[in-house]
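Take a look at the structure below.
Values in this text are rule-based calculations from the coordinates and carry no lab data. Being a predicted model, the structure only gives us computed values, none of them experimental. For neighbour counting, all protein chains shown are included, and Cβ atoms are generated from backbone atoms with ideal geometry for every residue, glycine included.
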Amino acid sequence: MTPALGVSTVKELEGALRGRILLRSSDGYDQSRQVWNGMIDKRPLAIVKVAGVADIQATVKFAQERGLPVAIRGGGHNVAGSAVCDDGLVIDLALMKSIRVDPHARRARAEGGVLWGEYDHQTQAFGLASPGGAVSTTGIAGLTLGGGFGYLSRMYGLACDNLISADVVTAAGEFVIASENLNPELFWGLRGGGGNFGVVTSFEYQLYPVQQVLSGIVAFPFEMSEAVLKRYRDVALEAPDHRVWFAGILQIPGVGKLVAVVMSNFGSEDEGWRALRPIRELGSTVLDTVATVPYCVMQRQLDANSPKGLRNYWKSAYMSQLSDEVIGLLVAAMENTPADRDQIMIESHGGAISRVAKDATAFEHRYAPFNLGIFAVSTDPMLDQADAAWARKLYQQILPNSTGGSYVNYLSEGDDVHTAYSDARFGRLAGIKARHDPGNLFRFNHNIAPA
Ligand SMILES: Cc1cc2nc3c(=O)[nH]c(=O)nc-3n(C[C@H](O)[C@H](O)[C@H](O)COP(=O)(O)OP(=O)(O)OC[C@H]3O[C@@H](n4cnc5c(N)ncnc54)[C@H](O)[C@@H]3O)c2cc1C
């Protein structure tokens, strides 16, 4: 039987909060339990819309006393839906949106409910930015805790590489600061270990001067996929750190399948246009949006391709190479997709990501040149099984050309979290978990059980 929270019990917690509690009977409950992935349908006992550190401490202690498990919600984008849970409490940070920029120190502190679009808006007022996600509606919290790749990462590293400190409420309800000097082992784990170790109430990031950027999407007919992906591979492998390329085969309802390349060049404009030539020379473009744009415009250019509420099942693989054989497999799989939204996406990594020492952070995959995302996406629950089978089959086919590792932030529900870490790293993370959350209170994540 589903446990219930009595009215008097809820009142007790409510009295300790500045924020508010949504119960199953409350207005707004159903809206607040929805996450980005439309396949997720979890019914928490209560959603606690926390308004600050004190609220989080009170909620954690309340949950501990009653043996209730706790999910933590940042931006709610994780495809596994781990921001919500059945029959537990959700600590929802959506009200915690403060962002303070120190333009002189080139640092910003942002609370755990901030989304990348909100962060960029604030930091761009000072002509500054931090490496973040490539879709503006993604939360800074989950993305940073799992690693965090974006347009600036080849120049300045992952989001987690630019984390200076984090404020954390542990499973005991204690407030701790994690940085290179304070709780350094926890700080190590927060940079790639996912949301396992406590509720991060705010993140302090390094900022860099960035304003205009030559960026955009060039798309071609699907039939050109092999040629376009091969050219993408070649230009991506040769790119200087200040240039990043993405590629994908996507489907737009009503339009059909397209192969597309995305470039962002943070160097001189002339040099960026020259770098684009080998792609444009392929001819027959159906879309070309490349232009010099403000940073925030670039950060939003892929938003429309990732609307909330579609049914998503993902597989991801770090690729040691993007051989002709792999490209052939990707194109063949996209020829026969179960759903009309299925897509693949390739990010080119390297640059500053691979210059961070392998053991400096919990993030594992420093040296893979590409990260492949296989995204089974539909609107129809009847397609769920066939769609997931399609993604798994393609994943198995490309596995021999991969490093064997997956990106923790792209794992789906039920995936093995071990694929995101080596044995040694996994063991070290389990030790940090044992120290800060020995009872596994925070278990709705890609869970690392306490050692
Ligand atoms: C459309 C889309 C685009 C994406 N683009 C990118 C990209 O460009 N680069 C990239 O690296 N990744 C990208 N991702 C993956 C993204 O990094 C993950 O989905 C990430 O988990 C999202 O963070 P969130 O805060 O929105 O998610 P949530 O679902 O809220 O949280 C994710 C996990 O982190 C935990 N968590 C959340 N907040 C906290 C907190 N304050 N303290 C402790 N734990 C917390 C949650 O419990 C959960 O387990 C994308 C995802 C989507 C859906």
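Below, the figures for the structure above:
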| quantity | calculated |
| --- | --- |
| Hits in the range 239-265 - residues which are part of a loop (DSSP other than H, G, I, E, B) and either over 22 Å from Arg154 (Cβ atoms) or touching a strand residue (DSSP E or B) at 6+ places or on another chain (Cβ under 8 Å) (or both) | Ala239, His242, Pro253, Gly254, Val255 |
| Entirely in the range 1-70, the helices (runs of 4 or more DSSP H) that have 2 or more residues that are away from the ligand (no atom under 16 Å from the Cβ) and of a type in the set (Lys, Arg) | 53-66 |
| Matching option when the condition is farther than 25 Å from Gly117 by Cα and of a type in the set (Val, Ile, Thr), among Val200, Val213, Val168, Val176 | Val176 |
| Any hit, the range 78-96, residues being within 15 Å of the chain's Cα centre (by Cα) and not small (Gly, Ala, Ser) | yes |
| Tabulated pairs, the range 119-139, first more than 18 Å from His77 (Cβ to Cβ), second more than 16 Å from the ligand (Cβ to nearest atom) and among the basic types (Lys, Arg), C-beta under 7 angstrom, 6+ apart or interchain | Leu128/Arg106 |
| Number of the exception - Asp415 against (1) within 20 Å of the chain's Cα centre (by Cα); (2) crowded, with 22+ Cβ neighbours inside 10 Å; (3) within 23 Å of Asn37 (Cα to Cα) | (2) |
| Any chance Asp423 is over 21 Å from Val35 (Cβ atoms) and of a type in the set (Asp, Glu) | yes |
| Checklist (1) in contact with a helix residue (DSSP H, G or I) (Cβ under 8 Å, 6 or more places away or on another chain); (2) near the ligand (Cβ under 9 Å from one of its atoms); (3) closer than 22 Å to Asp92 by Cα applied to Ala141, failing item | (1) |
| In the range 404-429, the residues that are in a helix (DSSP H, G or I), more than 12 Å from the ligand (Cβ to nearest atom) and among the polar types (S, T, N, Q) | Thr419 |
| Filtered residues of the range 70-98 (kept if out of contact with any Ser or Thr (no Cβ under 6 Å at 6 or more places or on another chain) and surrounded by fewer than 19 Cβ atoms within 10 Å (Cβ to Cβ)) | Asp86, Leu95, Lys97, Ser98 |
| Subset of the range 289-309 (residues that are crowded, with 17+ Cβ neighbours inside 10 Å and either without any contact (Cβ under 8 Å) to a residue 12 or more places away in the chain or aliphatic (A, V, I, L, M) (or both)) | Val290, Val293, Met298, Leu302 |
| Residue, nearest to the ligand (Cβ to nearest atom), within the range 169-209, restricted to residues that are of a type in the set (A, V, I, L, M) and over 23 Å from Ala420 (Cα atoms) | Val169 |
| All positions within the range 355-396 that are part of a helix (DSSP H, G or I) and surrounded by 16 or more Cβ atoms within 10 Å (Cβ to Cβ) | Leu383, Asp384, Asp387, Ala388, Trp390, Ala391, Leu394, Tyr395 |
